[in-house]
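Read the figures in this text as sums done on the coordinates, not as results from a lab. Please read these numbers as outputs of a predicted model, since none were measured by experiment. A quick note on method: Cβ atoms are made from the backbone with ideal geometry, for glycine too, and the neighbour counts reach across all protein chains shown.
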Amino acid sequence: MTFWEKMNAMDPRWIFLGMAVLLTIPVLFPLGLAITIDQETTVPIYNWIENLNPGDIVFADVSYSGGSAGELGPQHKAWFRHCMLKGVKVVWVAQWNTGAQLGYEFCLEVVEDLAEEGIEVEYGVDWVYVGWKAGGTTMWRNMQLDFWDACAKEDWVGNSFEDLPLMQRVKKWDKETCKGIMLFTAGSPGVPTYTTYFHDYDIYLGDVAVQVPGNMNLLRAGQIKGMLCGLPGAAQYEILLGRPGQAVKLMDAQSLGHLWIIVLVILGNIGFYITRKSGTPSG
Amino acid sequence: MKREVPMVLALVFAIIRIGFELLQPMIAWEFAPGKTVFTRLSFSLTFMSVMGLLMGLINLSRQHINTIRRKREHWVYSVWLLIVLYGYAIIGLIWGPDSNTFIWIYDALIVPLDSTMFSMLAFFIASAAYRAFRIRNVESTILLVVAFIVMLGNVSIGEMIWSSEAWLGGFKGIKDWILSVPNTAHARALSIGIFLGAYAAAIRVFLGLDKKYLGGTD
Amino acid sequence: MSTDPQIWIAALGTLAVYSYLYKENPAYRIAEYTLVALYTSYSLVLDFHEYLIPYGRQYAIEEGQWYFWITGAIGLLMYFRYAPAEWNWLARYPISILVGWGLGYTLVRSPRPVMVQVKDSMRPLNTVNNVLFFVFFLCIMFYFFFTVGKESKFIQGTGRVGRYIMMVGFGCAFGNTVQGRISLFLNRLSFLLVDWIGMKIW
Amino acid sequence: MAMKTLMLLAAEAEAPLTKWGIFPNVDSAVFGMFFGIAMIILVYVMIQRARAGLPIPEIRRIPGMEAFEEAVGRATEMGRPVHITNYAEDVGDYDTWAFWSYLAHVAKLCATYDTRVINTNTDYLTQAVNEEIIKQAYLEAGRPDAFNPDDVRYCSPWQFGYTMAVAGIIAREKPAANFLIGYFYAESLILAEAGALVGAIQIAASSATSQLPFFIAACDYTMIGEEFYAGAATLSKEPVIYGSVVAQDIGRVAFTIIIIIGAIMNTFGNDAMIRLIMF
């Protein structure tokens, strides 16, 4: 076998090995490739939080689970950090039972990080994690009417709403209280709950990459106002915040992974072309 | 009794469901305030299918006990499977799904194995691209070119090659156009077609022309 | 390095799954059989505690909905699948009820979301993009004509173009998915590096 | 299924009023009903015409349909089994109904050629029907003893438990043909690549638009979207079922015409067609 014949029919294990190595290296030794900020998708979300007044309340939704934490976790953390820095109050709900605890842990991580930097954030005053409530999407309809009643006056960890100062301001989920909704979504239930029941609110998405093509329509139609697209979205947000973190580092790995696929395809095609010319049957 | 009754049952329940989906008086039919007949009927059918909860356990046991008995290849693993199967089921049934042991095992094994299996896609997407994206004919060439543009439009390296401030908005500009025009047209036409096909398939069952659910080959 | 046994099990399990990429092997096999068994028991337990018991108690007993007893009994017929051959057919009863129930749903409900798509396809032809969208859309529709226009050069030709446009859509979705899939691996990688090995990366 | 159900959510907004007195006030409730009735009548009429021997249009070749026999034949030559699966759909889903046509076809081919067929499942009721279908196919081929119920396997009811098991089974049993038919989610590419690693001929037929790109990339033949259902009809023992494909095609022509007219009307600012279909 010549080199090009090998390139035409490479053992998949080399592909896997190359991929693993190229994804691991930049995580350990960041390359610092440039990241462009997407004006149409990422910036509106940043500006939304930036233009709110301290004390304004926004709602956020965890509609993902462990499988998508790689993309949505960094988004979640960057966005929540931004809110806390701006003094914007956040009420968290979760449409996915399977990811509710995870979302709570991400919030706690942000709070710890902020504490290390000397910024105190208080649970119940600056943020509340209501979490998942049984009852499916109709539950969200009930929350609009009477938030306390729908949630059985209890947050995710079992605190009564009575004891949480922030909740005194959130009797109802209406346009008076809610200055916008941030939804982190990995599938269903997800976006339609809000575009159906909350269609006149400002809805923003933190989306997994796979869903971005589908949800692009909503953005064009104005049904959602902004969108963080997968890991790049998180990385862009971290840069806007001026604190490159996890996502920015992982974006280098993304770049190398893509590059590896591109190199493979080019080598494969050259090999394919040369072996076909020399008349050997090709795979 | 063997074929006719099930077919009649399917038809009857199809018609009942059609009524409950289509007619407002039936949708809103309540037997007590806030309790609709439709939800209870749906629940009762969920209840019916939940009655089969032991089927998975029985299926796996049957298959793996046979493997062990006949000493087929890898039968030792079947012994392990049965131990885990019954062990976890017993823990869950006795102490409940909220018990610490049950959740501990869930977090230690189910979550990581599940998400690792999912993440294998990172490797397989590379090997699939390597095999499929060849300039073999028009179709695979289109596939290759478009996938290249979109991939480059998604990462920093693409930006370095052809910046989004440049002509046509660079890879990113072209990617966005592909996403919003040909991709949407494709998704629309495909889903309308799928609906028509699925609807015809449903009508075949409804008219009793397709009755493979009874276990036959016709 | 972590000292938590849970993290160790999770990490070894992760590595066992990845070993498949080299070759199917005993480590993968153990992981595979474990996950299949765990998931089967998991859903059994969930079905039991979240559906069977609460539904039976609340609806069949407290609310006194008599038909729960009937559907429940029909549900039990499923187990006749394991009975001797002459009784097997009883298992068809619950299956056909569920087929019928799904059928009614499909017949009434499935047209509705499609009409939303049809509606959105009737975009006013006033921009270049909308006209292109419309042309592309029609080409793909022509590709799926199975009986009409088999002899028509126009339909065949546009149908072929339609297939090419579908390839554009597929290529686009493929290229766009790569980053999501890589993120999945990066997530596992951070678990191994940070949670298990204990590196301080971020 | 969950994803499909959610597409319907848009139609589930609060609706205190009714249309025409008895229909719920959701988008397309009435139009959808008339569409359904029209389709049922069309299918019935076309099949009656076919039965009566009246001419109905012929169906064009669907790429991939003839590959089933070739793939099973190759498996027979190599002495290796055949693997067929659909993922998650339960017995109440149209994708499963179409899948059963393919299963019956493949099982009959395998029974005739005396090749082992392995079927993997996530739903125990679907598995029960699958087992009956395969058993029946072997019975009809005159070799009921060759049927092994242990080859109709249950692989846990959850996505990646199933995926892991199927990937393992494919690697161990090395099927020469791998049929992935029905609705799939993210596991599609894992299953197809596992098949590619053991060098199987792969045929996919799916209505999962988000997974079709991966099938196209990884499989030898892919039946796209509607071809999957049309193919299922052509596999029927009774060829008059062709009639339903004709009806489906008439529906498509009607939609195409509606959309062309609607778009032209919309260009001139008239939304009557939109209001009609959304009624």
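Side notes on the structure shown:
- Cα shape, the protein assembly as shown, gyration tensor, a/c 1.5 rule: rounded
- Relative packing of D:141-151, A:11-21, B:154-164, which averages over residues the other C-beta atoms within 10 Å, highest first: B:154-164, A:11-21, D:141-151
- The packing ranking of peptides C:134-147, A:79-92, highest mean first, is C:134-147, A:79-92, where packing means the average number of other beta carbon atoms within 10 angstrom of each residue.
- Whole-Å distance, taken between Cα centres, linking region A:33-64 and region C:118-181: 35 Å
- Summed side-chain charge close to D:ARG60 - residues other than D:ARG60 whose Cβ falls under 12 Å, Lys, Arg +1, Asp, Glu -1: -2
- In this structure the amide hydrogen of A:GLY206, modeled in the peptide plane, comes within under 5 Å of the amide hydrogens of A:LEU183, A:PHE184, A:THR185, A:LEU228, none closer than 5 places in sequence on its chain.
- A:ARG243 paired with C:LYS150, simple spin-label distance in nm, labels 7 Å along Cα-to-beta-carbon: 6.7 nm
- 26 Å Cα-Cα threshold exceeded, pairs from A:LYS225/B:LYS175; A:LYS225/B:LYS172; A:LYS77/A:LYS249; B:LYS71/D:LYS174; A:LYS133/B:LYS35: none
- Positive minus negative residues near D:GLY142 (Lys, Arg vs Asp, Glu; Cβ under 15 Å): 0
- Charge dipole (Cα centre; +1 on Lys/Arg Cβ, -1 on Asp/Glu Cβ; no other charges) of the protein assembly as shown amounts to roughly 2820 debye.
- Here each label is just a point 7 Å from Cα along the line to Cβ, and for B:TRP167 and A:GLU109 those points are 4.4 nm apart.
- 5 angstrom amide H check on D:ALA177, placed H, neighbours 5+ away: D:HIS83, D:ILE201
- Placing +1 on the Cβ of every Lys and Arg and -1 on the Cβ of every Asp and Glu, with no other charges, gives chain D a dipole of roughly 440 debye about its Cα centre.
- Net charge of neighbours whose Cβ lies under 14 Å from the Cβ of B:HIS64, counting Lys and Arg as +1 and Asp and Glu as -1: +3
- Hits among aspartates and glutamates - C-alpha to C-alpha of C:LYS200 under 20 Å, sequence gap 8 or more where chains match: A:GLU71, A:GLU105, A:GLU109, A:GLU112, A:ASP113, A:GLU116, A:GLU117, A:GLU238, A:ASP252, C:ASP4
- Cα-projected label distance for B:ASP107 with B:ILE94, points at 7 Å along beta-carbon direction, nm: 2.2 nm
- Farthest toward positive dipole pole in the protein assembly as shown [+1 Lys/Arg, -1 Asp/Glu at C-beta], among C:ILE140, C:GLN65, B:ALA128: C:ILE140
- For region B:4-52: rounded, prolate or oblate by the Cα gyration tensor [a/c cutoff 1.5]: oblate
- The mean number of Cβ atoms from other chains found within 10 Å of a Cβ in peptide D:54-66 is 2, as a whole number.
- Per-residue shielding of D:145-151, expressed as the average number of other chain Cβ atoms within 10 Å of the residue Cβ, stands at 2.
- Once you reduce region D:172-233 and region B:85-100 to the center of their Cα atoms, the two points are 36 Å from each other.
- Prolate/oblate/rounded call for region B:54-119, Cα gyration tensor, a/c under 1.5 rounded: oblate
- Residues of type lysines that A:LYS277 reaches as a straight line, Cα spacing below 17 Å, ignoring anything fewer than 8 places off in the same chain: A:LYS6
- Cα-based reach from D:LYS108 at 16 Å (exclusive), listing lysines while leaving out same-chain residues under 8 positions away: B:LYS212, D:LYS135, D:LYS237
- For region D:88-143 versus region B:164-210, the inter-centroid distance based on Cα atoms is 30 Å.
- Amide hydrogen neighbours beyond the local backbone of D:LYS19, cut-off 5 Å, H modeled: D:ASN25
- Take every Cα pair under 8 Å whose residues are at least 6 apart in sequence, average their separation, divide by the length of region B:122-180, and the relative contact order is 22 percent.
- For the segment C:14-20, counting C-beta atoms of other chains within 10 Å of every residue's C-beta and taking the mean gives 6.
- With a Förster radius of 45 Å applied to the C-beta separation of C:MET199 and A:GLU122, the computed FRET efficiency comes to 0.90.
- Residue separation of C:ASP120 and C:ILE53 scaled by 0.36 nm, minus their Cα-Cα distance, works out to 19.6 nm of gained length.
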